[in-house]
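J.: I have a structure here, written as structure tokens, and I will follow up with some questions on it.
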Amino acid sequence: MKRKISLIINGMFYGDSYTKKMLWSSFLLGVFSVTSLICAAAFFQWYFLAAALVFAGGDAFLIKSMDMGVAEVEEDEETEENEPEEELKPDTARSETPKSKEPKKKNDKTLNKEDSAKNTPVKAKAVNEESSSKKKPQPAEFSEGYSDSELKQVFHKYKVKKNHRPILIDSSVKYKIKECPAYAWTSRGQFFLLLLEDEPRRISMGIEAVTRMRYIKEVPANQRKEYDCLVGQGLIPLVFNEYRPVYQSVIKNKRQAEVKNLYEIGGDIRITAPSAKEILLLVQPEFIIEDEIMKSDEFNQYFKQIYKYKVLLSDGVMSMKDYQVKIRSILEKMAEAPITPTTFRQSLTDMVQRGLISAEYASFYTQYNRQYRERHR
């Protein structure tokens, strides 16, 4: 019973949109049914009883019709604090894999080539691809994916902490990663990544390596051919589908092209925009944009700060509420800064023209600046 409740709760908060909709609808119908039943008993009105029956019937129908295959992700940390953390260097990243998952040697040496090819076409193809392109990052392969029990064992083996967050890594040449779901966490001054490849792999680096997050704008993309690891059903697609890149259509060289915005940490680890939100919550890195606006002397530091937050807002990395809190703080500091009224008004005009703030904000802080200067004259 405890396991079933955990499965349902996990699906309500971490499932895909369909699973969340079905589970929350079932939950709300159950609440309405119980509430109507209580009202029927309290007020002795038949229509409350009828409503309770209708809600209960709808709830029963939803429960029967939806797929309850929501997986549970657990972790066990009973002996973590007493065990030393292993640091996996980039060059030996692939060596840290569970020995129990190594393929067993066959005893029958007379197995003919046709049967061998028939039984293991995927493995043979993977070996050929790896030998022909060792230096190129390869996409994560999923023969059967991970079950909840397997992921629990992997979490225990690699000492995944409670502060772990799911992310999607788009690519990394240094660590030979391509389109791979992963979990990120910090511990004892180290930043860790657990890569959910065909064989799990852990990477660690000093926390200072992720104190900066760089913006990579409009990377060429093809939504139909990317992230095959998230196709189908199972725990991995269920958890990580919401971390797919945000794809956009733009005009490049007079032709329509599909692009995505990525974020880079740890030197060359490129992650998706939804994943950047998780990294910001985990390690609060400095956000770096290297474009013409940030390099220009035409705009002051206040403009550039709001510009960076606007990028995060546009990609869904920052919520509108957080954005408003940030820009109000910046505009207030600019209104109280020792700059001329002309420079202040020009900065507000630039922000409005670039869509960083509304005309109402500009009007309000122009008045705020005037009143501040009169008080401190």
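The values are calculated or read from the model by the stated rules, or taken from the named source; none is laboratory data. Quick caveat, the model's predicted, so the values are computed rather than measured. We place every Cβ from the backbone using ideal geometry, glycine too, and count neighbours over all the protein chains shown.
J.: So which residues in segment 339-377 are of a type in the set (Val, Ile, Thr) and under 41 Å from the mean Cα position of the chain (by Cα), if there are any at all?
T.: If the condition is that a residue be of a type in the set (Val, Ile, Thr) and under 41 Å from the mean Cα position of the chain (by Cα), then 339, 343, 349, 352, 357, 366 are the ones that fit.
J.: Please enumerate the residues belonging to segment 155-183 that are of a type in the set (A, V, I, L, M, F, W, C), within 20 Å of the chain's Cα centre (by Cα) and not in a strand (DSSP E or B).
T.: Matches in segment 155-183: 155, 160.
J.: Hey, does segment 21-44 have a residue that's surrounded by 16 or more Cβ atoms within 10 Å (Cβ to Cβ), among the charged types (D, E, K, R) and at pLDDT 65 or above?
T.: No: zero hits.
J.: Any chance segment 275-282 includes a residue that's small (Gly, Ala, Ser), in contact (Cβ under 8 Å) with a residue 12 or more places away in the chain and touching a helix residue (DSSP H, G or I) at 6+ places or on another chain (Cβ under 9 Å)?
T.: Among the residues of segment 275-282, at least one is small (Gly, Ala, Ser), in contact (Cβ under 8 Å) with a residue 12 or more places away in the chain and touching a helix residue (DSSP H, G or I) at 6+ places or on another chain (Cβ under 9 Å), which makes the answer yes.
J.: Right, here's the next one. So which residues in segment 46-83 are farther than 30 Å from residue 154 by Cβ and at pLDDT below 75, if there are any at all?
T.: Within segment 46-83, 59, 61, 62, 63, 64, 65 meet the criteria.
J.: For segment 184-196, give me each residue that is in a loop (DSSP other than H, G, I, E, B) and crowded, with 21+ Cβ neighbours inside 10 Å.
T.: 196, the sole residue that qualifies.
J.: Of the residues 251, 236, 265, only one is surrounded by fewer than 15 Cβ atoms within 10 Å (Cβ to Cβ) and either within 17 Å of residue 317 (Cβ to Cβ) or not aromatic (Phe, Trp, Tyr) (or both); which?
T.: 251
J.: Something else: Considering only segment 322-338, I want to know if a residue exists there that is among the polar types (S, T, N, Q), part of a helix (DSSP H, G or I) and either within 22 Å of the chain's Cα centre (by Cα) or crowded, with 16+ Cβ neighbours inside 10 Å (or both).
T.: The answer is no, given that none of the residues of segment 322-338 is among the polar types (S, T, N, Q), part of a helix (DSSP H, G or I) and either within 22 Å of the chain's Cα centre (by Cα) or crowded, with 16+ Cβ neighbours inside 10 Å (or both).
J.: For segment 357-371, state whether one or more residues are in contact (Cβ under 8 Å) with a residue 40 or more places away in the chain, out of contact with any His (no Cβ under 6 Å at 6 or more places or on another chain) and not assigned by TED's automatic domain parsing to the domain that holds residue 243. Quick ask: steps written out before the conclusion?
T.: First, the residues of segment 357-371 that are in contact (Cβ under 8 Å) with a residue 40 or more places away in the chain: 357.
Applying the additional criterion that residues be out of contact with any His (no Cβ under 6 Å at 6 or more places or on another chain) yields 357.
This time we only want the ones that are not assigned by TED's automatic domain parsing to the domain that holds residue 243, so: 357.
Looking for residues that are in contact (Cβ under 8 Å) with a residue 40 or more places away in the chain, out of contact with any His (no Cβ under 6 Å at 6 or more places or on another chain) and not assigned by TED's automatic domain parsing to the domain that holds residue 243, one finds at least one in segment 357-371, hence yes.
J.: Which of the residues belonging to segment 232-256 are within 30 Å of residue 150 (Cβ to Cβ) and either aromatic (Phe, Trp, Tyr) or touching a Pro at 6+ places or on another chain (Cβ under 7 Å) (or both)?
T.: Matches in segment 232-256: 236, 239, 240, 242, 243.
J.: Something else: Of all strands (runs of 3 or more DSSP E) completely enclosed by segment 215-277, which ones contain at least 1 residues that are over 22 Å from residue 197 (Cβ atoms)?
T.: Hits in segment 215-277: 247-252, 255-265.
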